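Asks: Once you've had a glance at the structure underneath, I'll fire off some questions.
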C-alpha cells in the first residue's frame, strides 16, 4: 500500500511540473460524403490525448484546442466510418464522412473500460445502448437485459416492489457459491448483493444494482467468457457487466435534458379459482370462532358446502352480543376474493440532467426521482438519485476526471413465500366464500367471540389488511459509489493512469410483527443495519502505437488493491409490552443482539498486450496474479492467464463482394481463479438466544479448512462473425466450454466430530454451449427501415465430480420433500423427491455407479380406487435449468416515428409450484370443482357419476420393483390398458397430492411479449421556437402478454430471490403488466 501511495504522489508531482506549452486551435466543418449535409454531434478527438475533444454543432462545425505536438485528429460518429486526419500544421480541417455499411468501425467497451474495435476482439462481447434501457422504464436494470443478450439467463423473482432479479451468464459455475457476474460502473466494481432466501421464501429486499438509474447509463457491455473478464480477477469468474454512465462529451455549451415517465401496473396473471364450493371439510361448515369452535371453522380449505345460497353462519354474519348468536347469511361465492386486494400500481420517474462542455472541461449533473406504489396496498419504493461526472485538462498532458452517484432508496416491502407474512398464502389456503372487501373495511376491529383481529380464520391466517398495515418490512439504503482518476500523457501513445473508486452503502431494516398476529401473538420485531464498503485503487501504464505500417501494439501493465469492509448489527425483541411500540425499551423479554465485522483484501498485478497485423490478425494476451486474504498462506497467491485471437478472413484473403461483406474467426483460452468469504480459515463465535436470561454464544458448526485452495475456471471459446449482403444480414456465433474445479464447498460430517460440516476443495462442474446473434435489415429506404435482432443461447451444465466419498450434494432444499441435487456425471440441478409411478421404469447411473430411478410415460392408476401410485423412494422429477433462452426484437423507423417490440422465450427448466400443489390439495383451484367425462362435478358422489378420471394406465409395482400392468378388475395383463372406468373421489384424489411432490412440478417454458415502444419525435418549427432542440413522446409497455406457457395458474418466471434457490415458487406476488409513457425534452 505504501508503494502504491508513493506512485500516486510521484505521478502528481511530475504532472504539476510539466511546462504549459501553447495549444493549437483547429476548426472546420464535417459533412456526409454521400448527401453533402452537415453532420452535428460528431466526436472530434486529439488522438493520444483522451481528455482533449469536442463535438460538432448543429451546423456540423467544430473548434478544438489541441496540444501543439498533436499529430492527428480523429472523427467518429455512430453509423459512419471513423476518420483520422494528419494535422501537419493545418488550422482548418474539413472532413467528409462515409457510411459504415459493414459496421467494421463498431467500438465496444472491454476490460478495464478500454474501448476497442469489435473486429479486433478474440472473444464475445455484446452491447446494449443506454437509450434502449431507459425506454423500457424498468426500475431494475437487470430486467432491461431480458431477451437482448445471447447466453444470459435472467429471472425476475416476483411483482413485489423492489423485488430482486437474478442474472447468470453461461450457466452456474459454482455448486454452492455466487453465480452472478461482477458489475463494474465506470471502472469501479460495485455490489449487486441480494437477500438469499431458502425454499420457503421470506422478505426479498432486492438486488443492489437496482439502485442504478437507467437514464444515467450510456452503455452496458456484457463480457461473457473468462477471456473477456479475466483481467478483472477472481470475482469475474462468472462474467462481467460493464456499465458506462453518461458524460458531457457530445454536447457543446450548456445542455439540458428532462425526462418524465409514468407506468401503470396490473397483475399479469392470477390462479384460476373455483367458485362452486366454500370453506369447510367433507361438505360441512358452520362458523363460531374460526378456531375450531364451529363445524370445521378452523380449516382453511374449500371442501365445504356448495355455494348455492343456503343460509350458513359465517365470520361476517350479524352477531348478537346479548345472545352470542350469529344470524346465518347466504352462502355464495365472494365477489371480492383474494385478487381484489390488489390495486393499480404506479411508477413515476423524473430526471433532469445538465451538461456543460468547453475545450478542456466536461461536466454533467443529473437529478432523478423514482416513486413507485405497489400493486399491494401500503407497499412503496422511492429512489432519489444524484449523479455527477466531470473531467478537465489541467495541462496539455495532465487530466483529471471524477464521477459519483448518490442514491437514497427507501421502501415498504411485502413478504413472500410460504409464510403468514405473505398475504398470497391465502391464494392456496382460503374459503372461496370469503369477502375480502369486508376484511378491508374491518381489518382494525376485534372479533367479538375470538377476541382476535377481525378475520375469516384464526387458526392459521391473519386478515391480509392487518398484515399489510401492521406487519410491515421497512428498508432504507443510502449509497455512494464513484471514482477519481488522474491521467498523465507522456506522449500520444504512452500514458499513466491512477484511480481510486469506492462503493459504500448503509442499510437499515425494520421488520415488525404486531401483537395479536396469528403467528406472533406477543408481538416481535427485528431491526438490523448493514454497512458495506469496497474500495479499489488502480495504477495503469498504457501503450498504444502502430509500430510499423503493418504491426500495432496496445499494452497495459498495472496493479490493483481491493479492500472490502462490512459491519452487520442486529436486534431482536421476541415479545412486546405495549402494542405497536417497536423499541428495545418496550421488550417484555431480554433482547438478542448481534454484531459482526468482516474485512477482505485482494492485491493484484496484471498486464495485457494486444497485437495487430495488417488489420486482419489480432492476438490478445492477459495475465493476472491475485493475493487473497481469505485463503491460507501458501495458497493465497494464484495466477491466471488468457490468450485470444481474431482473424478477419475477408481482409486476409482479399475477399470483396456484395454477398460476403465480412468474415472473421475468433478463438480464445483463459483461466480465472476464485477465493472464498472472509473468516473461513478459523472458527468463530456467534450470538444465540439467551440462556435463562444470560448471554449465550455458539461456536461455528463447520470445521475450518487447513489447506483450502482457490477455485479455478478454465475456459475456451471459438466463434465467427459474418456480415452478408452489405451488412443487411449479420451472424455472430460462439461455442464455449468452461470447467470450474476445486470447488469450495461445505459437506456434512458425522456429529461425533462435534461439528455438522467441514469446508473442502472438491468437485468440478462443466458448462458448455452455443450462442447465436442474428441481425438483419429486411427493409431499408430513406423513410422506412425495419431491423430484426435474434439472439439464442443454449447451455449444458454437467457435474463432473464431487468429493471422493460424497455420493451427491444437496444444493438446496426445494421444500416439502423436494431436493435439488448435484450428482457426478449428471446435469446440474436435478429435482429429486417422491413422485408417481409411470409405465416405464428407467435406471440412470451417475459417475459413481449409483442407480437413480426415472419414471417415464403414462402414470399408473390403481384400478381399485382410481388413484395414482406414489413412488416408494425418491426419484428424478426434473431439472431446474433451462435448455435454451433467447429473444426476437423488431425495430421500425418511419419518418419521425419509431416502433419496436421484443418477444423473448425460455425452453425447458422445471418449476415446483406450491401454489398449484397446495391449491389443489385445499380445493381452491378450478380443477378441483371441474366437470368430468360424465358431465358431473368431480366432487359429486361416485355413485352419481362424480369423481376424477385420472389419466394413465392400470397397474401396480411388483414386489421386485417392476411395473405390472393390470385390467380394471385388477388382473395382470401383458400390455397397458388406458384408464376409462376407475374414478377416484374428488377430495380424495386432490388430497392425494400430499407426499407426491411431482404433482406440483411443471415445465417452466414460456414465450412472452416483453416490451413494446411506440415513439414520435417532434421537429416542427414551434419546437425550436419555444427553446427545445428536440421532443420525443413514447408509449411504452412491458411484460404485456404470456403468449404461451406450460405452467398452470402462475407466471413461470417467478422465483424467491436472486440467489441460487431457483425452480421453486410458493404463492408469489404476481408479476405486473406495465403500460405507460415517456417524455424526453432536450434544450
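The values are calculated or read from the model by the stated rules, or taken from the named source; none is laboratory data. Please read these numbers as outputs of a predicted model, since none were measured by experiment. So basically every Cβ, Gly included, is an ideal-geometry build from the backbone, and we count neighbours across all protein chains shown.
Asks: Going through the stretch 955-969 one residue at a time, which ones are surrounded by fewer than 17 Cβ atoms within 10 Å (Cβ to Cβ) and either touching a residue at least 12 places away in the same chain (Cβ under 8 Å) or in a strand (DSSP E or B) (or both)?
Replies: To start, the set of residues in the stretch 955-969 that are surrounded by fewer than 17 Cβ atoms within 10 Å (Cβ to Cβ) comprises 957-962, 964, 967-969.
Listed by number, the residues that qualify are 957, 961, 962, 964, 967, 968, 969.
Asks: Right, next: Under 27 Å from residue 238 (Cβ atoms) and assigned to a loop (DSSP other than H, G, I, E, B): which single residue out of 1054, 1067, 1039 fits that description? It would help to see each step written out before you state the result.
Replies: Working: 1067 fails: under 27 Å from residue 238 (Cβ atoms); 1039 fails: assigned to a loop (DSSP other than H, G, I, E, B).
Just a single option satisfies the conditions, and that option is 1054.
Asks: Taking only the stretch 468-502 into account, find how many residues are buried (at least 19 other Cβ atoms within 10 Å of the Cβ) and either in a loop (DSSP other than H, G, I, E, B) or without any contact (Cβ under 8 Å) to a residue 40 or more places away in the chain (or both).
Replies: Within the stretch 468-502, residues that are buried (at least 19 other Cβ atoms within 10 Å of the Cβ) and either in a loop (DSSP other than H, G, I, E, B) or without any contact (Cβ under 8 Å) to a residue 40 or more places away in the chain (or both) number 2.
Asks: Mind checking which residues of the stretch 372-393 are within 20 Å of residue 261 (Cα to Cα) and in a strand (DSSP E or B)?
Replies: Across the stretch 372-393, the qualifying residues are 372, 373, 380, 381, 382, 383, 384, 385, 386, 387.
Asks: While we're on this one: Here's a check for you: in the stretch 900-910, which residue that is more than 15 Å from residue 1013 (Cβ to Cβ) and in contact with a strand residue (DSSP E or B) (Cβ under 6 Å, 6 or more places away or on another chain) is surrounded by the most Cβ atoms within 10 Å (Cβ to Cβ)?
Replies: At the first step, the residues of the stretch 900-910 found to be more than 15 Å from residue 1013 (Cβ to Cβ) are 905-910.
Subsequent filtering for residues that are in contact with a strand residue (DSSP E or B) (Cβ under 6 Å, 6 or more places away or on another chain) retains 905-907, 910.
On the way: 905: 19, 906: 24, 907: 15, 910: 22.
If we take residues in the stretch 900-910 being more than 15 Å from residue 1013 (Cβ to Cβ) and in contact with a strand residue (DSSP E or B) (Cβ under 6 Å, 6 or more places away or on another chain), then 906 is surrounded by the most Cβ atoms within 10 Å (Cβ to Cβ).
Asks: Pull up the stretch 513-531, narrow it to residues that are in contact with a strand residue (DSSP E or B) (Cβ under 6 Å, 6 or more places away or on another chain) and surrounded by 20 or more Cβ atoms within 10 Å (Cβ to Cβ), then point me to the one that is farthest from residue 452 (Cα to Cα). Before the answer, list the steps.
Replies: Of all residues in the stretch 513-531, those in contact with a strand residue (DSSP E or B) (Cβ under 6 Å, 6 or more places away or on another chain) come to 513, 515-516, 520, 523-531.
Filter once more, so that each one left must be surrounded by 20 or more Cβ atoms within 10 Å (Cβ to Cβ): 513, 520, 523-525, 527.
Details: 513: 15, 520: 12, 523: 13, 524: 17, 525: 20, 527: 26 Å.
So the residue we want is 527.
Asks: Looking at the stretch 619-656 only, could you name the residues that are closer than 26 Å to residue 724 by Cβ and touching a residue at least 60 places away in the same chain (Cβ under 8 Å)?
Replies: So in the stretch 619-656, the residues closer than 26 Å to residue 724 by Cβ come out as 644-656.
644, 645, 646, 648 - these are the residues of the stretch 619-656 that are closer than 26 Å to residue 724 by Cβ and touching a residue at least 60 places away in the same chain (Cβ under 8 Å).
Asks: Do you know which residues across the stretch 925-954 are on the phi > 0 side of the Ramachandran plot and surrounded by 17 or more Cβ atoms within 10 Å (Cβ to Cβ)?
Replies: At the first step, the residues of the stretch 925-954 found to be on the phi > 0 side of the Ramachandran plot are 935, 945, 947, 952.
Result: 947, 952.
Asks: Given the conditions (1) at pLDDT below 90; (2) touching a strand residue (DSSP E or B) at 6+ places or on another chain (Cβ under 7 Å), and given that residue 784 satisfies all but one, which numbered condition is not satisfied?
Replies: (1) is the only condition that residue 784 fails.
Asks: From 845, 893, which residue is more than 15 Å from residue 961 (Cα to Cα) and free of Cβ contacts under 8 Å to residues at least 24 places away in the same chain? Let's see the steps before the verdict.
Replies: Numbers: 893 fails: free of Cβ contacts under 8 Å to residues at least 24 places away in the same chain.
Answer to the selection: 845.
Asks: Further question on the same structure: Which condition from (1) part of a strand (DSSP E or B); (2) closer than 16 Å to residue 862 by Cβ; (3) under 38 Å from the mean Cα position of the chain (by Cα) is the one that residue 1002 breaks?
Replies: With (1) part of a strand (DSSP E or B); (2) closer than 16 Å to residue 862 by Cβ; (3) under 38 Å from the mean Cα position of the chain (by Cα) applied to residue 1002, the lone miss is (2).
Asks: Follow-up question, since we're still on this one. For the stretch 325-363, what are the residues that are out of contact with any strand residue (DSSP E or B) (no Cβ under 7 Å at 6 or more places or on another chain), more than 30 Å from residue 400 (Cβ to Cβ) and not in a strand (DSSP E or B)?
Replies: If the condition is that a residue be out of contact with any strand residue (DSSP E or B) (no Cβ under 7 Å at 6 or more places or on another chain), more than 30 Å from residue 400 (Cβ to Cβ) and not in a strand (DSSP E or B), then 327, 332, 333, 334, 335, 336, 338, 339, 340, 341, 343 are the ones that fit.
Asks: I'm trying to understand the selection: among the residues of the stretch 68-97, which are over 12 Å from residue 47 (Cβ atoms), part of a strand (DSSP E or B) and either under 42 Å from the mean Cα position of the chain (by Cα) or without any contact (Cβ under 8 Å) to a residue 12 or more places away in the chain (or both)?
Replies: Result: 80, 97.
Asks: Let me ask something else about it. Would you be able to tell me the number of residues in the stretch 149-182 that are outside any loop (DSSP other than H, G, I, E, B), within 12 Å of the chain's Cα centre (by Cα) and farther than 16 Å from residue 409 by Cβ?
Replies: To start, the set of residues in the stretch 149-182 that are outside any loop (DSSP other than H, G, I, E, B) comprises 152-156, 165-169, 182.
Adding the requirement that they be within 12 Å of the chain's Cα centre (by Cα) leaves 152-156, 165-169.
Subsequent filtering for residues that are farther than 16 Å from residue 409 by Cβ retains 152-156, 166-169.
Qualifying residue count for the region: 9.
Asks: Which condition breaks for residue 984 when tested against (1) modelled with pLDDT of 95 or more; (2) exposed (fewer than 14 other Cβ atoms within 10 Å of the Cβ)?
Replies: Among (1) modelled with pLDDT of 95 or more; (2) exposed (fewer than 14 other Cβ atoms within 10 Å of the Cβ), residue 984 violates only (2).
Asks: Suppose we filter the stretch 156-167 for residues that are buried (at least 24 other Cβ atoms within 10 Å of the Cβ) and within 24 Å of residue 229 (Cβ to Cβ); how many remain? Spell out how you get there, then give the answer.
Replies: Within the stretch 156-167, the subset buried (at least 24 other Cβ atoms within 10 Å of the Cβ) is 157-165, 167.
Now drop any that are not within 24 Å of residue 229 (Cβ to Cβ), which leaves 164-165, 167.
So the count comes out to 3.
Asks: Kindly provide the set of residues from the stretch 866-899 that are at negative phi, assigned to a loop (DSSP other than H, G, I, E, B) and surrounded by fewer than 16 Cβ atoms within 10 Å (Cβ to Cβ), ordered by number.
Replies: 872, 873, 883, 896
Asks: Just checking, which of 286, 306 is surrounded by fewer than 16 Cβ atoms within 10 Å (Cβ to Cβ), closer than 30 Å to residue 940 by Cβ and touching a strand residue (DSSP E or B) at 6+ places or on another chain (Cβ under 7 Å)? Spell out the reasoning first.
Replies: Numbers: 286 fails: surrounded by fewer than 16 Cβ atoms within 10 Å (Cβ to Cβ).
So the residue among 286, 306 that is surrounded by fewer than 16 Cβ atoms within 10 Å (Cβ to Cβ), closer than 30 Å to residue 940 by Cβ and touching a strand residue (DSSP E or B) at 6+ places or on another chain (Cβ under 7 Å) is 306.
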